[in-house]
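Working notes, structure below.
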Amino acid sequence: IFTKDGNVQVIDPADIIKTSILTDNGEFYMATSRGVFVLTGNRLHPLRGIDLLKDATVCALTPWKDHALLIATDFAGLFIYDGNQIRPFHTEADTYLCDNQLYTVAVSDDCLALGTVRAGVVLLDKEGKNPTFYTRKQGLQNNTVLSLLFDRDANLWVGLDQGIDCIRRAL
């Protein structure tokens, strides 16, 4: 934590941080192999009510509708945490995601992009429907997606383990 007077305070997560996010309302969340935590003051507190994730590896966190948090796991699918409880977020691409190891997530105003380790990108509407798949067959340089980012024109930039691709005007 950087303080106004220029000092730095280190908070030890006691584990490797797998992913983290600072939301627009200033909340800091992070996931380790021990669970998902929120920073309150200068202490990390485990999220309450997320027992559904006890055997899953969280690979991505992103803000979701109505101040909720979208939690992505590598093989167990997507979940929505509303601040009190967690629920599965089922999509029309669930089987595909679980078979191909979900790794990263990006959200635009009307689109959810999901990057996999084995099979490229899946684009869905925000209800989890109408999947569109992008793999090497559709022009990606390879199928290992490590990062995703929507630009201000809704183009999706795809960081691969062998380069960068752009999916123009996603959905």
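Please list 3J(HN,Hα) in residue order for the stretch 25-42, calculated via the Karplus relation 6.51 cos²θ - 1.76 cosθ + 1.60 where θ = phi - 60°; whole Hz, with x for glycine and proline.
So the Karplus estimates, Gly and Pro as x, are 8, x, 7, 10, 10, 8, 10, 10, 5, 8, x, 10, 10, 10, 8, 10, x, 10 Hz.
Please identify which residues in the stretch 1-28 have an amide N closer than 18 Å to a label point set 7 Å out from the Cα of N42, following the Cα→Cβ vector.
Taking a point 7 Å out along Cα→Cβ of N42, the residues of the stretch 1-28 whose backbone N falls under 18 Å are 1-14, 28.
When only C-alpha pairs under 8 Å and at least 6 residues apart count, what is the relative contact order of the stretch 49-98, in percent?
Dividing the mean separation by the residue count of the stretch 49-98 yields 29 percent.
Give me the percent of accessible area attributable to carbon and sulfur for the chain, probe 1.4 angstrom.
Using a 1.4 Å probe with all protein chains present, the chain comes out at 47 percent carbon and sulfur.
How high is the relative contact order of the stretch 1-85, in percent, counting Cα pairs under 8 Å that sit 6 or more residues apart?
It comes to 19 percent, rounded to a whole number.
Could you give log10 I(q)/I(0) at q = 0.09, 0.11, 0.12 Å⁻¹ for the chain, computed by the Debye formula over C-alpha point scatterers of equal weight, without solvent?
-0.32, -0.47, -0.56
For the stretch 92-140 and the stretch 142-169, what is the centre-to-centre distance using only Cα atoms, to the nearest Å?
Here the answer is 12 Å between Cα centres.
Looking at the stretch 1-67 from every direction and averaging, what is the projected area of its Cα convex hull in nm²?
That works out to 5.3 nm², a quarter of the Cα hull's surface.
Which trypsin sites (Lys or Arg not before Pro) in the stretch 122-165 sit in a loop by DSSP (not H, G, I, E or B) and have at most 13 other Cβ atoms within 10 Å of their own Cβ?
K129, R152
Considering the options V38, F79, W64, tell which one lies farthest towards the positive end of the dipole of the stretch 1-106, charges being +1 on Lys and Arg and -1 on Asp and Glu at the Cβ, about the Cα centre.
V38
To the nearest 500 deg cm²/dmol, what mean residue ellipticity at 222 nm is calculated for the chain from DSSP H runs of n ≥ 4 alone, each contributing -39,500 (n - 2.57), summed and divided by the residues?
-1000 deg cm²/dmol
Below 27 Å, Cα to Cα, which lysines can K65 reach? Residues fewer than 8 away in the same chain don't count.
K18, K54, K126, K129
Please list 3J(HN,Hα) in residue order for the stretch 123-130, calculated via the Karplus relation 6.51 cos²θ - 1.76 cosθ + 1.60 where θ = phi - 60°; whole Hz, with x for glycine and proline.
9, 9, 6, 6, 8, x, 10, 6
Starting from the stretch 62-100, pick out the chymotrypsin sites (Phe, Trp or Tyr not before Pro) whose DSSP state is loop and whose Cβ has at most 15 other Cβ atoms within 10 Å.
Passing both the DSSP loop test and the Cβ count: F75.
Report, in debye and to the nearest 20, how large the dipole of the stretch 1-138 comes out about its Cα centre when Lys and Arg carry +1 and Asp and Glu carry -1 on their Cβ.
With only Lys, Arg, Asp and Glu charged at Cβ, the dipole is about 260 debye.
The values are calculated or read from the model by the stated rules, or taken from the named source; none is laboratory data. Computed from a prediction, not measured in an experiment: that's the story for all the values here. For neighbour counting, all protein chains shown are included, and Cβ atoms are generated from backbone atoms with ideal geometry for every residue, glycine included. For the accessible areas, the whole protein counts, side chains as well, though only heavy atoms, and no ligand, DNA or RNA atoms are used. Shrake-Rupley method; radii C 1.70, N 1.55, O 1.52, S 1.80 Å.
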